[in-house]
Amino acid sequence: MGTHEAARGGRVAAATALTRAVAFAGVGGVCAACVAQPPGVGGRPASASAPLDWKSLESGVLTEHVQLTSREQFVKAGESYFSPDGAWVVFQAVPVPAGGAEADPFYSMYVMKLVREGDRIVGAESPILISPPGSANTCGWFHPTLPGVVLLGSTIDRPKTDQKAGFQVGMRKYVWLFPDEMEVCERFVPEVAAAMGSPASMWADDRRATMVAPVFSRPQYDAECSYSSDGRFVLYAHVRPQKAEERADADIWIYDTRTRRHHPIVVADGYDGGPFFSPDGRRICYRSDRKLNDQLQIFVADLRFDDEGVPVGIEREYAITDNEAVNWAPYFHPSGKFLVYGTSQVSHSNYEVFAVELDAATLAADSPARPAAKSLRSARLTSADGADVLPVFDPTGTWMMWTGQRGPRAEGEQRPSSQLWAARFNASGVRWAK
Ligand SMILES: [Ca+2]
Ligand SMILES: [Ca+2]
């Protein structure tokens with residue numbers, strides 16, 4: 001790949017990667033509605049050489065693959081997370097419009113119950129729409145202790161379309177879509193509560209029972225949200241009013257639902273987003289274009305707590321990757337020993353899921369002279385044409401779910417659409433290497 005092509009690929013990918021889900025749409029029909037389309041879309045068609053035999057190539061780590069959403073239901077689906085009991089998933093998707101109408105440019109939010117045989121995931125029941133018609137939505141997340149409550153970024157109404165300047169990439173012109181109306185919201189889903197044995201009647205007087213309602217309201221885009229394991233704290237990304245070098249710049253914040261105070265956690269130039277608490281609640285992981293160079297790198301930071309145990313900042317930040325690739329959407333394995341993420345490390349036209357070990361000694365020794373990013377062990381987990389991104393684990397850590405473009409290709413489309421996939425994950429089969 002030539003330098004120009006690489007740079008272009010990086011730029012496009014960085015543009016698409018700017019959320020835990022992503023927020024841009026094309027003008028001129030080239031990439032209309034690429035809101036959270038994984039990077040790589042719009043690049044070359046999948047390799048002209050023989051397709052990667054993913055069933056065989058991935059078999060040491062991923063087996064019993066199952067496609068959870070289909071092109072018959074969704075033009076595209078992506079970014080999904082398991083419920084605390086592992087029985088449900090929340091995800092965003094663009095539904096196939098009725099009667100040949102144009103697909104909605106924005107993602108809707110859905111939940112669906114998984115179908116299991118024993119501990120094996122074999123499919124999913126019908127998706128349940130939980131977002132308002134016409135709204136833009138991203139980054140769903142189940143409440144850890146309140147059955148049926150889902151956190152999501154939502155504009156609630158249709159966002160205005162004239163809010164951000166566009167930018168040109170080669171022949172494509174993109175418009176930023178970090179809608180100012182995007183707020184961190186909650187919605188109560190009675191079907192989920194009922195399935196978890198919790199009566200919906202307790203929500204009868206709560207406005208969240210019938211509508212998506214903001215948890216808080218701030219100017220600019222707020223999304224990429226998740227709860228702490230006790231549900232008290234909301235970790236989220238907040239876009240600054242001012243762009244940095246023509247890029248949207250977000251920082252990472254924590255909202256304390258008890259005191260209703262907002263605490264800035266990671267404030268640095270570049271889009272810092274997609275944060276998650278570590279399983280023990282002492283750390284966060286996130287990605288950032290800190291160097292403002294069209295690439296994204298993975299970071300982990302140790303949280304700093306006040307005397308009351310409220311996370312109010314960070315003690316120490318570690319760069320987990322430092323390479324020439326776009327790395328995004330990191331997610332901790334429940335063991336806390338490693339995290340997974342999607343990366344253009346193999347090719348900008350073939351994103352793959354990689355894992356990186358969070359070795360304690362290597363992180364402790366992290367310094368400019370001994371950067372952890374240069375010595376942490378990593379491993380490639382997926383080997384399939386098309387994008388494989390946004391990996392997450394179920395609560396047991398034995399199933400991985402992600403967004404892939406490895407299903408059947410719809411007639412008239414250049415590549416398979418982005419859909420949700422899951423597979424049994426064998427941690428002991430990961431072949432770590434420096
Ligand atoms: Ca920032
Ligand atoms: Ca791939």
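Could you list, in sequence order, the residues of segment 313-347 that are β-branched (Val, Ile, Thr), more than 19 Å from Val430 (Cα to Cα) and either within 16 Å of ligand 1 (Cβ to nearest atom) or part of a loop (DSSP other than H, G, I, E, B) (or both)? Passing the criteria: only Ile314.
Scan segment 363-383 and tell me whether some residue there is away from ligand 1 (no atom under 16 Å from the Cβ), surrounded by 16 or more Cβ atoms within 10 Å (Cβ to Cβ) and on the phi > 0 side of the Ramachandran plot. No: zero hits.
Any residue that is touching a Gly at 6+ places or on another chain (Cβ under 6 Å), in contact (Cβ under 8 Å) with a residue 40 or more places away in the chain and not in a strand (DSSP E or B) - is there at least one of those in segment 190-210? Yes, segment 190-210 has at least one match. Mind telling me which of the residues Thr321, Thr396 ends up being under 28 Å from Ala223 (Cα atoms), out of contact with any Cys (no Cβ under 7 Å at 6 or more places or on another chain), polar (S, T, N, Q) and surrounded by 20 or more Cβ atoms within 10 Å (Cβ to Cβ)? Answer to the check: Thr321. Counting only residues that are buried (at least 20 other Cβ atoms within 10 Å of the Cβ), at pLDDT 95 or above and either of a type outside the set (Gly, Ala, Ser) or more than 16 Å from ligand 2 (Cβ to nearest atom) (or both), how many does segment 339-349 have? Of the residues in segment 339-349, 4 are buried (at least 20 other Cβ atoms within 10 Å of the Cβ), at pLDDT 95 or above and either of a type outside the set (Gly, Ala, Ser) or more than 16 Å from ligand 2 (Cβ to nearest atom) (or both). Test Glu411 against the stated conditions and say whether it is of a type in the set (D, E, K, R), over 19 Å from the mean Cα position of the chain (by Cα), modelled with pLDDT under 95 and away from ligand 2 (no atom under 16 Å from the Cβ). Considered against the rule, which asks whether it is of a type in the set (D, E, K, R), over 19 Å from the mean Cα position of the chain (by Cα), modelled with pLDDT under 95 and away from ligand 2 (no atom under 16 Å from the Cβ), Glu411 comes out as yes. Figure legend. Inter-residue proximity from segment 77-100: first residues more than 11 Å from Val392 (Cβ to Cβ), second residues among the basic types (Lys, Arg) and in a loop (DSSP other than H, G, I, E, B), beta-carbon distance below 9 Å, spacing 6+ or different chains. Indicated pairs: Val96/Arg71.
The values are calculated or read from the model by the stated rules, or taken from the named source; none is laboratory data. Bear in mind that the values here come from a model prediction, so they are computed numbers and not experimental data. Reconstructed Cβ throughout: ideal geometry from the backbone, glycine too, with neighbour counts over all protein chains shown.
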